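Just so it is clear, none of the values below were taken in a lab; they were calculated from the coordinates. As the structure is a computational prediction, the values presented were derived from the model and not from experiment. Every residue, glycine as well, gets a Cβ built from its backbone with ideal geometry; the counts of neighbours run over all protein chains shown.
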Amino acid sequence: MSLRRERTVSFIVWGPILRGDIPGLTARVCRLLEQNAADVASCEIRNVVVPDAVTVEALARLQLGAQRHRCRVILLHASEELLDLVAFMGLSDVIAG
């Protein structure tokens, strides 16, 4: 029996994130996933001092884009405030912290 190793790719998302940043951010991450055929994308969160709905929307769109590439995004170094906002918005099952 052979065990398949998960392929992982890592990237950093810098805050603050503006609504206008979301399409470009999503496109760059999807290109990264296409080039690497990863199973898991580790998304390090940096400089998101005050998380807001735009930040959560960006992360949800990244997860949606990753799912289209048969990949899942996990958050690294996400603040408790950000994870609480994700939970409050009912997206804990979508955005893994």
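Residue separation of Val50 and Leu18 scaled by 0.36 nm, minus their Cα-Cα distance, works out to 10.3 nm of gained length.
Ranking Pro16, Thr55, Thr26 by Cα position along the charge dipole of the chain, where only Lys, Arg, Asp and Glu carry charges on their C-beta atoms, puts Thr26 farthest toward the positive end. The calculated 222 nm mean residue ellipticity attributable to helices in the chain amounts to -13000 deg cm²/dmol, summing -39500 (n - 2.57) over DSSP H runs of n ≥ 4 and dividing by all residues.
If you average 1/r across every pair of different Cα atoms in segment 8-88 and take the reciprocal, what Kirkwood value do you get, in Å?
One over the average 1/r among Cα pairs gives 12.5 Å for segment 8-88.
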